[in-house]
Amino acid sequence: MASTVASLGAVCLTPPHWRGERRRSMPIKVIVDRSRAAHVLDTLMVAFRARTFPFTLKRALPPQIPENLPRGGFRDEIDHACYLFALCFYMRGGIQSDRAALALSRIYEGQPELFRPQTVTADMEPDIRALLARSGLNFNGGEISHFWVENFRRLKERWGSDPRTILQGVDTFEEACRRIQNTADNRKHGRGFLGFQEKMVSMLIYFLVEAGYGDPFTFPAPIDFHVLRVMVAHHVVCIIEGTPPSGRVNYFHKDVLRALRDLFSWYARTHNTDPVHLSEVVWGLSRSMCYQHPGNTTIYRGKRRGRKSDLVPLRVTWNEAQTLAYERSCLRCPVEPTCRFNIPAAPYYVRGELIIRGFREQPPQKRLF
């Protein structure tokens, strides 16, 4: 395998903190096949720039499209930037991003002062939580209402109540992390925002730069479930050492995420690609297409019990409905030839896991012709 991977221009990453150390467990090694990644991303970028399938689908569009924003618009650019900052609270999984955008827009229409850090105070937290619940945003309501109050306080005290100033003078992802990420060092020096790790740093950069509130620079796509699904399904990234005895591979391991951030930064830099568009491309593909393959469908058996819910794969028989689902998704997908695995969304949204559910099959009718 090593020789095959090397011939494809792959990069083998052993985390620096494990080098030269003796440990009982085998260290994780992440293989990133840059040649395959370039082929997949090149193909998707061609379709994206030409606005052909699947980027004509509504589900492929980002959440901040005009129809999801407040009907009367924003009072000014600062209100818009604060809305995008608040939208980040809901970009960590567990809720559809466009649904969150619409709900926040309705809140802004009724109470725009909640998006102005100078008017948000600590005693408003219970009211914000109740408002989020009434607005259909009860997901992690307690945590997010606390984030809302505390992060808006930090915006007011450190950034003049204007998220646009966060990216002023920033030209590297590392510098953005020093300002935004919630790390121990940042907490010690009074920097960063609650709930913001590397993925959310990329998310905030994406929202602000896409809106024209920051100078473009190279940053990695937000590595979420959708990005991981595409990269794993196309065998761009794999773990060859460090798998636990249970055999359950943790694709959300920090070293896998780091390797993919490096990959997307490398691709944007070497292929002269706008990282804003690159972020939209892979996310949009997974969200609009991959769920339609019958092998990615999951049935909830019995009562839903949170992480203990009984998740059962749909039995794939290639009946007419399943075949039609394949034909309107995978059969039309520009990168279908290199997609290898079924990766369902339900285990992620229920248990926070990315699992491979076998090889991605094709209906026998397709193979016949």
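The values are calculated or read from the model by the stated rules, or taken from the named source; none is laboratory data. Note that the coordinates shown come from a computational prediction; the quantities given were computed from them, not determined experimentally. Please note: Cβ atoms are built from the backbone with ideal geometry, for glycine as well, and neighbour counts cover all protein chains shown. Note: accessible area is taken over every heavy atom of the protein model, side chains too, but ligands, DNA and RNA are not part of it. Shrake-Rupley method; radii C 1.70, N 1.55, O 1.52, S 1.80 Å.
General remarks:
- Added length on full extension, which subtracts the Cα-Cα distance from 0.36 nm per residue, ASN250 to GLN96: 53.1 nm
- Local net charge near ALA233, Cβ-Cβ under 11 Å (Lys/Arg +1, Asp/Glu -1): +3
- Cα→Cβ-extended label distance, 7 Å offset, between LEU57 and ASP274, nm: 2.3 nm
- In degrees, nearest ten, helix 198-210 long axis to first principal axis of the chain (Cα): 70 degrees
- Residues of the chain: accessible area per residue with a 1.4 Å probe, Å²: 48 Å²
- Legend: distances between Cα atoms for LYS29/LYS199; LYS156/LYS199; LYS188/LYS254; LYS58/LYS308; LYS254/LYS308; LYS156/LYS254; pairs beyond 29 Å are LYS58/LYS308; LYS156/LYS254.
- The modelled label-to-label distance between ASN138 and GLU109, using points 7 Å beyond Cα along the C-beta direction, is 2.2 nm.
- As a fraction of the 1.4 Å probe accessible area of the chain, surface on carbon and sulfur atoms comes out at 51 percent.
- Taking the C-alpha atoms only, the angle from helix 141-159 to the longest principal axis of the chain is near 60 degrees.
- At full extension, ARG49 and ARG328 could sit 98.3 nm farther apart than now, given 0.36 nm per residue minus the alpha carbon distance.
- Order by protection proxy (mean Cβ within 10 Å, highest first), peptides 270-279, 356-365: 270-279, 356-365
- At full extension, GLU77 and ARG187 could sit 36.8 nm farther apart than now, given 0.36 nm per residue minus the alpha carbon distance.
- Helix axis angle, 97-110 relative to the chain longest principal axis, alpha carbon, degrees: 10 degrees
- Cα gyration tensor, region 53-93 - rounded (a/c under 1.5), prolate or oblate: oblate
- Amide H within-cut-off set for HIS234, under 5 Å, with H built and near neighbours excluded: ARG340
- Summing Lys and Arg as +1 and Asp and Glu as -1 over all other residues whose Cβ lies under 10 Å from the Cβ of ARG158 gives a net charge of +4.
- A simple packing score, the average count of other Cβ atoms within 10 Å per residue, orders the peptides 313-320, 80-87, 216-223 as 80-87, 216-223, 313-320, with the highest score first.
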